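Asker: After the C-alpha cells below, expect a handful of questions from me.
The values are calculated or read from the model by the stated rules, or taken from the named source; none is laboratory data. Because the structure is predicted, anything quoted here is derived from the model rather than measured. In this analysis, Cβ positions are derived from the backbone assuming ideal geometry, glycine residues included, and neighbour counts consider all displayed protein chains. Side chains are part of the model used for accessible areas, which takes the heavy atoms of the whole protein and leaves out ligands, DNA and RNA. Shrake-Rupley method; radii C 1.70, N 1.55, O 1.52, S 1.80 Å.
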Amino acid sequence: MVQDFKFQRGLVAEIKLSGADFVARAAKLFTLAPIQHVTITLPLPSVTAFFEVPQLAKLTSLNMPLLGAAFGDAGAIALAGCAHAKGLKWISLNQDELTLVGVESLAASTYLADVAFLGLDGNPVDPTPVSQEVMEGRYAGARPVLAEQLEKKFGPRRWLQVPENPEDWPPHREALAIT
C-alpha cells in the first residue's frame, strides 16, 4: 500500500507514498497504523483534492519535497487554507517552485500557526532560518531578511524565528511528535 515505511516506538508511524495513492488510500491506512509522518512523491493529484483528505489532521509532519510545479504556489495556497493541517508541527516543501505568493500565503495562514519548522530550501523564495557551525561544536542561527518582513506583515511565526538551539536545527520531526 506504500512505497516505504518506518517504525517509531514499535509501531508503523512513518510512510512514503505518492500523493495520488495517499488520497486513494488514506482512510484505510490510518485504520491500520498510528501514522504521524508522511512523505509524498509524484504523482500528485490536484492539490485541492490532496488537502481535502481528513486524515491529514492525524499527522505531525508532512514532507512534500521535489514536487516542483505539481505543487507550486497553488499547493502552498491550498495548504494554507487547509483546516486539516492545524496539527502539523513539521513541514518540508523543498524544491516545490514556491514564489513570494505561496510563501506569503503560508505565513498568513492561521491553520499553520503552530508549525515549528517549515523547510523551503530550493525554492525561488526561501525565508527559512538557518544554522551554521561557527566553531567546532558551536552553532549560530540566523534568518533571512524576508523572514523578518513576513513577521512584520503577518505576525510572529515559530518557523520564521532564529532557532533557540541552532545545534538542533532543523528539528527532527519525530522529536516534535513526542508530546
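Asker: Residue by residue through the stretch 13-28, what is 3J(HN,Hα) from phi via Karplus (6.51 cos²θ - 1.76 cosθ + 1.60, θ = phi - 60°)? Round to whole Hz and write x for glycine and proline.
Answerer: 10, 9, 10, 10, 6, 6, x, 5, 5, 4, 4, 6, 10, 4, 4, 6
Asker: For the stretch 3-37 and the stretch 111-158, compute the distance between their C-alpha centroids and round to whole Å.
Answerer: Computed from Cα coordinates, the inter-centre distance equals 28 Å.
Asker: Kindly provide the helix-only [θ] at 222 nm of the chain, computed as the sum of -39,500 (n - 2.57) over DSSP H runs of four or more divided by all residues, to the nearest 500 deg cm²/dmol?
Answerer: Calculated from helices alone, the mean residue ellipticity at 222 nm is -8000 deg cm²/dmol.
Asker: Moving on. If you take the charge dipole of the chain about its Cα centre, with +1 on Lys and Arg Cβ and -1 on Asp and Glu Cβ, which of Pro34, Thr99, Leu146 is farthest toward its positive end?
Answerer: Selected residue: Pro34.
Asker: Under 5 Å between amide H atoms, partner at least 5 residues away or on a different chain: which partners does Leu118 have, H built in plane at 1.01 Å?
Answerer: Counting only residues 5 or more places away or on other chains, the set is Ile91.
Asker: Which of the listed residues, Ala76, Gly137, Ile15, is farthest toward the dipole's positive end in the stretch 1-145, when Lys, Arg count +1 and Asp, Glu count -1 at the beta-carbon?
Answerer: My answer, from the dipole projection, is Ile15.
Asker: On the principal axes of its Cα set, how long, how wide and how thick is the stretch 61-145? Give whole Å, largest value first.
Answerer: 41, 25, 22
Asker: Along the three principal axes, how long is the stretch 101-179 when you take its alpha carbons, biggest first, rounded to the nearest angstrom?
Answerer: 38, 31, 22
Asker: Oh, and also: Per residue, how many Å² of accessible area does the stretch 33-77 show with a 1.4 Å probe?
Answerer: 35
Asker: If you stretched the chain out fully between Leu100 and Ala27, how much longer would it get, using 0.36 nm times the residue separation minus the C-alpha to C-alpha distance?
Answerer: 22.9 nm
Asker: How much of the calculated P(r) for the stretch 92-139 lies past 17 Å, in percent of all Cα pairs?
Answerer: 41
Asker: Along the three principal axes, how long is the stretch 26-94 when you take its alpha carbons, biggest first, rounded to the nearest angstrom?
Answerer: Projected onto its principal axes, the Cα set of the stretch 26-94 covers 32, 22, 20 Å.
Asker: Please state the charge dipole magnitude for the chain, taken about the Cα centre, from unit charges on C-beta atoms (+1 on K and R, -1 on D and E), reported in debye and rounded to the nearest 20.
Answerer: Dipole of the chain, to the nearest 20 debye: 600 debye.
Asker: Rounded to a whole number, what % of the accessible area of the chain do carbon and sulfur atoms account for, probe 1.4 Å?
Answerer: After summing per-atom areas, the C and S share lands at 54 percent.
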